[in-house]
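The values are calculated or read from the model by the stated rules, or taken from the named source; none is laboratory data. Not measured: the values here are computed from a predicted model. No Cβ is skipped: glycine too gets one built from the backbone with ideal geometry, and neighbour counts run over all protein chains shown.
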């Protein structure tokens, strides 16, 4: 990982928590190759260039561009860490890590060489005169972006996963939204609102941006977190032979939040780890003679009986947050039917029930659950099966079936129990459902949005949300349908205006919280929406469609008038205005870029069923 910005500084290791430094030094083993992603600062609501003069959060770097992080990207030297250093980032509101990259892998020695060379160049730039420094830094940044967007992966070796190492020094859990999206050929074409996906065939920018991304919500509890997301999950929606855009966004940052990052790269990890010690994260069970007495294919399901205390063992390990799976040679559906009869089916994640070697099943379990082989423990009554697994997967722990009750007292299974431990299986089941569903979406983008479980929460404008709404009105461009900017004093006056109904929209889905993303004003007596604006974070998620449909239906219950939306056309909001035609509204009084979009009372608003809405506003102003 080599930084794209010029104004980072270096902290001594003593300024980072000692526990943080120690943990980052322990995790490099097992990685053979990695990508080089040029991470940099970015903003979730980039309103360039007007935000430079309107945003209170704007703090210029030496090149006069916006500093989205409090101190920039701070390098903390840490010998033995994945990169040889950590990145300390104090995220401000709206700040996110962002990059364009590609899946080309470099051996660790080559990657380290590139890192050191790039760091030396960055230091040298710091000593140049300001004018030359800015010019040189821009050239360096443009070169990196071009390189990241041009190079492609080597088909002979793709990453095994995306590795995220993070230390949270705070006392509260931090939720990070990870988004990865393939980048097509988006060279400008003749029309400004079109992009070129296939040379010679322009496509609307909205459709290009509606491409299904890979998304994951990562929860960083206080302390150290290391997670590898399997690349086969990512490949379900991201083309490994195209460059990509990637961002990591903290959810619901009020003022700032500090995180230390080690590896945030795609990596190729060795399939066999020599280390056998460590905590057990998943127990893999055989069935016949292990979980139950009897052999299914010989005795039939009626004669099978659960082993004594096995239910107690399953429940207690589940309470501790230790997962369960199955590697059994049996007929899949028949075995699942027996588990259902015993009421045990829901305990087992990614069960591998077939006639394949059990080592193959165990490797599949590790991939699907995104945990290392060294975190698995295999229980089987057959010496042959235990030996086969040990030979092929030497890092997997094995246990004789007659010792299964000892799982409760084994040091490897004695883990700290938290309020989240008992929910771990449910979290994995939800994630497995997401992966399975994502593979079935194909190009059905609306089906993907329904799966996202987008939730919209509507409240009134008030003192508690005025500051966030003010920021939104200052920064949003692409989905600001009135084109207005409000100062704080005007928003204060709007709160007290009895003839105005105000709506503040907050949004979240299964991949994270987007915070306050929308604001609208309706003149209640005339049924005219004078203001409508949304954050670009929810662009192409059909949030504007759902909100307008809901509001129109709400007012139609109280009035016989048509519903009107005031729209001021700008170069930035024209693509988003397609929402009016999507809702079968018609345009009138179009003059000097100002127009009314009308939804007639005789029509029936159609709810797409994509977004759920919770309306917490008071009753409507009397009409």
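Could you tell me which of the residues 335, 366 is assigned to a helix (DSSP H, G or I), crowded, with 18+ Cβ neighbours inside 10 Å and either within 34 Å of the chain's Cα centre (by Cα) or not assigned by TED's automatic domain parsing to the domain that holds residue 295 (or both)?
Matching residue, one of 335, 366: 366.
It is to be established whether one or more residues within the range 31-38 are modelled with pLDDT under 70 and either out of contact with any helix residue (DSSP H, G or I) (no Cβ under 8 Å at 6 or more places or on another chain) or outside any loop (DSSP other than H, G, I, E, B) (or both).
Step one: filter the range 31-38 for residues modelled with pLDDT under 70, giving none.
Within the range 31-38, none of the residues are modelled with pLDDT under 70 and either out of contact with any helix residue (DSSP H, G or I) (no Cβ under 8 Å at 6 or more places or on another chain) or outside any loop (DSSP other than H, G, I, E, B) (or both).
Yes or no: residue 450 touching a residue at least 24 places away in the same chain (Cβ under 8 Å), over 18 Å from residue 523 (Cα atoms) and not in a helix (DSSP H, G or I)? I'd like the intermediate steps shown before the answer.
Details: touching a residue at least 24 places away in the same chain (Cβ under 8 Å): yes; over 18 Å from residue 523 (Cα atoms): yes; not in a helix (DSSP H, G or I): no.
Judged against the criteria, residue 450 is not a match.
Working only within the range 475-505, note down all residues that are assigned to a helix (DSSP H, G or I) and closer than 22 Å to residue 541 by Cβ. Walk me through how you get there before you give the answer.
Here is the first cut: in the range 475-505, the residues assigned to a helix (DSSP H, G or I) are 475, 488-495.
Selection gives 475 alone.
How many residues does the range 284-310 hold that are outside any loop (DSSP other than H, G, I, E, B) and in contact (Cβ under 8 Å) with a residue 12 or more places away in the chain?
Taking the range 284-310 as the starting set, the residues that turn out to be outside any loop (DSSP other than H, G, I, E, B) are 284-285, 288, 292-293, 296-299, 301-303, 305-306, 310.
Remaining after also requiring in contact (Cβ under 8 Å) with a residue 12 or more places away in the chain: 284-285, 288, 292-293, 296-297, 301, 305-306, 310.
Count: 11.
Tell me which residues, restricted to the range 589-619, are part of a strand (DSSP E or B) and touching a strand residue (DSSP E or B) at 6+ places or on another chain (Cβ under 6 Å). Explain how you work it out, then say what you get.
We begin by selecting, within the range 589-619, every residue part of a strand (DSSP E or B); these are 589-591, 594-599, 611-615.
Selection gives 589, 594, 595, 596, 597, 598, 599, 611, 612, 613, 614, 615.
So which of 42, 8 is modelled with pLDDT under 80 and within 26 Å of residue 163 (Cβ to Cβ)? Even if it seems obvious, please write down each step before you answer.
Numbers: 42 fails: modelled with pLDDT under 80.
From the options 42, 8, the qualifying one is 8.
Of the conditions (1) on the phi < 0 side of the Ramachandran plot; (2) in contact with a helix residue (DSSP H, G or I) (Cβ under 8 Å, 6 or more places away or on another chain), residue 614 satisfies every one except a single condition; which number is it?
The number of the failed condition is (2).
Considering each of 239, 265, 247 in turn, give the residue that is within 20 Å of the chain's Cα centre (by Cα), surrounded by fewer than 21 Cβ atoms within 10 Å (Cβ to Cβ), modelled with pLDDT of 90 or more and in the same structural domain as residue 161 (by TED's automatic domain parsing). Talk me through it step by step, then tell me what you get.
Values: 239 fails: modelled with pLDDT of 90 or more; 265 fails: surrounded by fewer than 21 Cβ atoms within 10 Å (Cβ to Cβ).
247 is the lone residue from the list that is within 20 Å of the chain's Cα centre (by Cα), surrounded by fewer than 21 Cβ atoms within 10 Å (Cβ to Cβ), modelled with pLDDT of 90 or more and in the same structural domain as residue 161 (by TED's automatic domain parsing).
Looking only at residues in the range 386-411 that are assigned to a loop (DSSP other than H, G, I, E, B) and touching a helix residue (DSSP H, G or I) at 6+ places or on another chain (Cβ under 7 Å), which one is surrounded by the most Cβ atoms within 10 Å (Cβ to Cβ)?
Residues of the range 386-411 assigned to a loop (DSSP other than H, G, I, E, B): 393-396, 409-410.
Restricting the remaining residues to those that are touching a helix residue (DSSP H, G or I) at 6+ places or on another chain (Cβ under 7 Å) gives 393, 395-396.
On the way: 393: 23, 395: 20, 396: 25.
For the range 386-411, the residue satisfying everything is 396.
Residue check: is residue 351 within 18 Å of residue 380 (Cα to Cα), in contact with a helix residue (DSSP H, G or I) (Cβ under 9 Å, 6 or more places away or on another chain) and surrounded by fewer than 20 Cβ atoms within 10 Å (Cβ to Cβ)?
Numbers: within 18 Å of residue 380 (Cα to Cα): yes; in contact with a helix residue (DSSP H, G or I) (Cβ under 9 Å, 6 or more places away or on another chain): yes; surrounded by fewer than 20 Cβ atoms within 10 Å (Cβ to Cβ): no.
For residue 351, the condition - within 18 Å of residue 380 (Cα to Cα), in contact with a helix residue (DSSP H, G or I) (Cβ under 9 Å, 6 or more places away or on another chain) and surrounded by fewer than 20 Cβ atoms within 10 Å (Cβ to Cβ) - is not met.
Residues of the range 553-581 being free of Cβ contacts under 8 Å to residues at least 60 places away in the same chain and surrounded by 13 or more Cβ atoms within 10 Å (Cβ to Cβ), which ones? Working first, answer last.
In the first step, residues of the range 553-581 are kept if they are free of Cβ contacts under 8 Å to residues at least 60 places away in the same chain; the result is 553, 556-557, 560-564, 569, 579-581.
Selection gives 553, 556, 561, 562, 563, 564, 569, 579, 580.
Out of the range 91-129, which residues are in a strand (DSSP E or B) and in contact with a helix residue (DSSP H, G or I) (Cβ under 9 Å, 6 or more places away or on another chain)? Write out each step before concluding.
Of the range 91-129, the ones in a strand (DSSP E or B) are 91-92, 95-101, 106-107.
Correct list: 99, 100, 101, 106.
Suppose the filter is at pLDDT 90 or above and under 27 Å from the mean Cα position of the chain (by Cα); does residue 270 pass it? Talk me through it step by step, then tell me what you get.
Numbers: at pLDDT 90 or above: no; under 27 Å from the mean Cα position of the chain (by Cα): yes.
So residue 270 does not fit the description; no.
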